[in-house]
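Data block below; observations after.
The values are calculated or read from the model by the stated rules, or taken from the named source; none is laboratory data. Computed from a predicted model, the values in this text were never measured in an experiment. Note: ideal-geometry Cβ built from the backbone for every residue, glycine included; neighbour counts use all protein chains shown. Surface accessibility is based on the protein's heavy atoms, side chains included, excluding ligands, DNA and RNA. Shrake-Rupley method; radii C 1.70, N 1.55, O 1.52, S 1.80 Å.
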Amino acid sequence: MIRVHNVTKEYMQGQEKIQVLKGVNLQINEGEFVAVMGPSGSGKSTLLQLIGGLDLPTSGDIQINQQSLQEMNEKKRTIFRRRHLGFVFQNYQLLPTLTVEENIAFPIHADGKIRKRNQRSITNLISEVGLKGFEKKRANLLSGGQQQRVAIARALVNHPSVLLADEPTGNLDRTIAEDILRLLLTFNRKHNQTIVMVTHDIFAAGFADRIILFRDGVIEKIISRKDEDYAKYMAHFMA
Amino acid sequence: MSVKYGILTLLSVKQCHGYELKIELDSLLGLKGKINPGQIYTTLDRLIRDGFVTSPGMDGEDRRLYDIHIKGKEELNKWLIEPVAYSNTKEDFFFKWSCARKTNSELEKLMLTQQKELIVKEVMELTKLKTELILEGDERRYLLVTGTLLHLEADLTWINQVENRVG
């Protein structure tokens, strides 16, 4: 479970103090698929970075599975990130000269030797993301959609509590984006994988159970697909 | 949608009785709603009259069965491969937009905003339905919804383009 309590984030831009997040409170339950939406500069990607422990809030607290990220030292936070969080980025961030299999195994290598059960997990993931037969292919020889599939498998190889995805379909055309979103939905439903996805795209956000609507560093509203006025509110927000 | 070709499609797969045709046609219609049973029987009468459909008799439960005739199969195949011209279902909207643009730029902006709101609402409802269809494994209806969503995306892109030019 993710708990974001009274989180603020400030940056200095020259002499000027910029407040990107202005007191965010949020709870995301295990197994939820949540989308974070908002205009550029509204703070949605900053929030994802803070949840991912890639940066620390100026004030407030973020807990994942009851463990506070701020209370960990840098080393502990790095290990926690590797073991409990998976990341998917818009530009895939694969190691181009490594093969599909090597890219997916990379987080395990960082944690020690690959064991038999890890190898099984890699093989299963390759099959689940639809890349059977591509195991030995170098990442830079893959299409954008295939690279994102590798990135998803790599993010999931350590069975993270949370998968954090920052505009995972931002570089892909609609048809390929659809395949990636279907894949995320399948992992969410089949493996109860918690997913937090930042997107500016309503066609992607609609895959999530709840949508967090951000504006000017605060949560304007959280809408759930179970709400009666779900579509209506989204329309109002977008207009 | 043409009930005539829906019936011919179903009968080309197997013999059916009237009620079975109604159920299958509702499913074939997918998102467009349900069909009136009366319409099925009047269409069947016309198809028999034109020699496209025959009735080989009753089934075990005393219900009249229908079957496709070779002439019906030919008619169906001809229809199936005929390309469908783009039907401009948004004709009313484009006409209204042209009128709004000619008369008052504030009204034009407002009508575009409201149209956008309507499209986003439909996108959200259809995407919700789409994810349910993915999980149910209903590929045919999923693809139909995907097609509608792509049209809505095009409409949304067009409105954004107009709005940017209106400034």
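For A:Q119, the conditions (1) of a type outside the set (S, T, Y); (2) open to solvent by 20 Å² or more (accessible area, probe 1.4 Å); (3) outside any loop (DSSP other than H, G, I, E, B); (4) over 24 Å from A:H159 (Cβ atoms) are fulfilled apart from (4). Looking at B:E163, B:E122, just one residue is within 30 Å of A:L184 (Cβ to Cβ), among the charged types (D, E, K, R) and within 14 Å of chain A (Cβ to nearest Cβ), and that residue is B:E122. Residues in region A:27-42 that are in a loop (DSSP other than H, G, I, E, B), surrounded by fewer than 23 Cβ atoms within 10 Å (Cβ to Cβ) and touching a strand residue (DSSP E or B) at 6+ places or on another chain (Cβ under 9 Å): A:N29, A:E30, A:G31, A:E32, A:P39, A:G41, A:S42. Being open to solvent by less than 70 Å² (accessible area, probe 1.4 Å), acidic (D, E) and either under 25 Å from the mean Cα position of the chain (by Cα) or within 14 Å of chain A (Cβ to nearest Cβ) (or both) is a property that B:E153 has.
Yes/no per residue for (1) in contact with a Phe, Trp or Tyr (Cβ under 8 Å, 6 or more places away or on another chain); (2) assigned by TED's automatic domain parsing to the domain that holds B:I159; (3) surrounded by 13 or more Cβ atoms within 10 Å (Cβ to Cβ); (4) hydroxyl-bearing (S, T, Y):
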{"position": "B:N36", "(1), (2), (3), (4)": "no, no, no, no"}
{"position": "B:T43", "(1), (2), (3), (4)": "no, no, yes, yes"}
{"position": "B:D50", "(1), (2), (3), (4)": "no, no, yes, no"}
{"position": "B:S55", "(1), (2), (3), (4)": "yes, no, yes, yes"}
{"position": "B:Y66", "(1), (2), (3), (4)": "no, no, yes, yes"}
{"position": "B:H69", "(1), (2), (3), (4)": "yes, no, yes, no"}
{"position": "B:G72", "(1), (2), (3), (4)": "yes, no, yes, no"}
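Within region A:204-222, residues that are touching a residue at least 24 places away in the same chain (Cβ under 8 Å) have Cβ atoms under 7 Å from residues that are surrounded by fewer than 17 Cβ atoms within 10 Å (Cβ to Cβ) and assigned to a loop (DSSP other than H, G, I, E, B) in these pairs: A:R215/A:P39, counting only partners at least 6 apart in sequence or on another chain.
Within region B:110-119, the residues that satisfy the criterion of being within 11 Å of chain A (Cβ to nearest Cβ) and either open to solvent by less than 60 Å² (accessible area, probe 1.4 Å) or touching a residue at least 40 places away in the same chain (Cβ under 8 Å) (or both) are B:L112, B:T113, B:Q115, B:K116, B:I119.
Is region B:96-107 home to any residue that is farther than 19 Å from A:F203 by Cβ, in contact (Cβ under 8 Å) with a residue 60 or more places away in the chain and not assigned by TED's automatic domain parsing to the domain that holds B:V145? No, there is no match, as no residue in region B:96-107 is farther than 19 Å from A:F203 by Cβ, in contact (Cβ under 8 Å) with a residue 60 or more places away in the chain and not assigned by TED's automatic domain parsing to the domain that holds B:V145.
Residues of region B:1-17 that are in contact (Cβ under 8 Å) with a residue 40 or more places away in the chain, touching a Lys or Arg at 6+ places or on another chain (Cβ under 7 Å) and not in a helix (DSSP H, G or I): B:H17 alone. Away from every other protein chain (no Cβ under 12 Å) and in contact with a strand residue (DSSP E or B) (Cβ under 7 Å, 6 or more places away or on another chain): does that describe A:F237? For A:F237, the condition - away from every other protein chain (no Cβ under 12 Å) and in contact with a strand residue (DSSP E or B) (Cβ under 7 Å, 6 or more places away or on another chain) - is not met. Is it true that B:T103 is of a type in the set (S, T, Y), open to solvent by 80 Å² or more (accessible area, probe 1.4 Å) and more than 27 Å from A:L184 (Cα to Cα)? When the stated conditions are applied, B:T103 passes them.
The condition (being at pLDDT below 95, open to solvent by 80 Å² or more (accessible area, probe 1.4 Å) and under 23 Å from the mean Cα position of the chain (by Cα)) is satisfied by just one residue among B:L21, B:L76, B:L80, B:L25: B:L80. Within region B:18-31, track down each residue that is under 26 Å from B:L129 (Cα atoms) and in contact (Cβ under 8 Å) with a residue 24 or more places away in the chain. Across region B:18-31, the qualifying residues are B:L21, B:L29, B:G30, B:L31.
Kindly indicate whether B:V162 is in the same structural domain as B:Q114 (by TED's automatic domain parsing) and out of contact with any Gly (no Cβ under 9 Å at 6 or more places or on another chain). Considered against the rule, which asks whether it is in the same structural domain as B:Q114 (by TED's automatic domain parsing) and out of contact with any Gly (no Cβ under 9 Å at 6 or more places or on another chain), B:V162 comes out as yes.
Of the strands (runs of 3 or more DSSP E) lying entirely inside region A:146-239, the ones with 1 or more residues being surrounded by fewer than 19 Cβ atoms within 10 Å (Cβ to Cβ) are found at A:210-215, A:218-224.
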